[in-house]
Amino acid sequence: MDYARLARSHRADLEAVLRAVAQQDPAALRTDRQRTAFLLNAYNARVLERVLAHPRARHLERDGLFMAFFQTPFPVAGTRATLNQLEHGVLRRQSRVDGAPVPSALRALRPSRLDPQIHVGLNCAAVSCPQLQPSAFTAQNLDATLDRAMGEWLASSRFARWDGRTLVLSSLVDWFGGDWETRTVPLGDALLASMPRPRAGALRQRLAGKTHLELRADPRVRFAYDWTVNRGR
């Protein structure tokens, strides 16, 4: 991400987006697609603003910025929310976030079900995040854009790479594997089903039939996440 260009040429545009996020009428978000698209855009725009507010940030974890980025409330659809609340309490429909119940005004913004592909739509400004999409989500483009983003992520080294004989998977698989897994489809199979065919062929032996817990326990698999800020070089 070219944050310098964003600050120099498009800061007013970003501020206009954040005002629109703050002023959004929640009653106008009638469908799951409308709500999900709005929430993904709100999250991603706020992350961009947080990076501009911390121009010296280089590594979110080492710089101690998790609270400033993810636990600081901002205006959303007539109420206030943190990024963690939007991700976990609204999109992931959890009842408590950061030790507190999710407020009723935020629960009212929830889509009716959890779509695990939100994890490739959200961008937290880290190098290991799935790539930020080049245009905003809309109710009309949501499914196609998330499908494309999922395929791109699964094909990339952000999702998986080899370190000798060890398969290094994104920590998103560890943290949120249960979001993809169902009683009848284990995590490994769910990921393979969305993967480009050549990539699936290369990883099938390690992933096929494996549950979230089995991948966690596999000594040939480890998880990693690079919290370096995704500034363009």
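Just so you know, all these numbers are worked out from the coordinates, no wet-lab data involved. Since the structure is predicted, the reported quantities are computational estimates derived from the model, not experimental observations. Every residue, glycine among them, receives a Cβ derived from its backbone with ideal geometry; neighbour counts consider all protein chains shown.
Mind checking which residues of the range 194-233 are in contact with a Leu (Cβ under 7 Å, 6 or more places away or on another chain), under 30 Å from H54 (Cβ atoms) and in a loop (DSSP other than H, G, I, E, B)?
Of everything in the range 194-233, just one residue is in contact with a Leu (Cβ under 7 Å, 6 or more places away or on another chain), under 30 Å from H54 (Cβ atoms) and in a loop (DSSP other than H, G, I, E, B), namely W227.
Restricting attention to the range 165-188, which residues are more than 18 Å from I118 (Cβ to Cβ) and either touching a residue at least 24 places away in the same chain (Cβ under 8 Å) or in contact with a Leu (Cβ under 9 Å, 6 or more places away or on another chain) (or both)?
R165, T166, L167, V168, L169, P186, G188
So G89 ticks every box in (1) over 11 Å from the mean Cα position of the chain (by Cα); (2) surrounded by fewer than 18 Cβ atoms within 10 Å (Cβ to Cβ) but one. Which box is left unticked?
(2)
Quick one: is G201 free of Cβ contacts under 8 Å to residues at least 40 places away in the same chain, within 20 Å of L114 (Cα to Cα) and surrounded by fewer than 16 Cβ atoms within 10 Å (Cβ to Cβ)?
Here the answer is no, as G201 does not meet what is asked.
Going by the conditions given, is A22 small (G, A, S) and surrounded by 16 or more Cβ atoms within 10 Å (Cβ to Cβ)?
Considered against the rule, which asks whether it is small (G, A, S) and surrounded by 16 or more Cβ atoms within 10 Å (Cβ to Cβ), A22 comes out as no.
Could you tell me which of the residues D218, D189 is surrounded by fewer than 19 Cβ atoms within 10 Å (Cβ to Cβ) and in contact with a strand residue (DSSP E or B) (Cβ under 9 Å, 6 or more places away or on another chain)?
Among D218, D189, only D218 is surrounded by fewer than 19 Cβ atoms within 10 Å (Cβ to Cβ) and in contact with a strand residue (DSSP E or B) (Cβ under 9 Å, 6 or more places away or on another chain).
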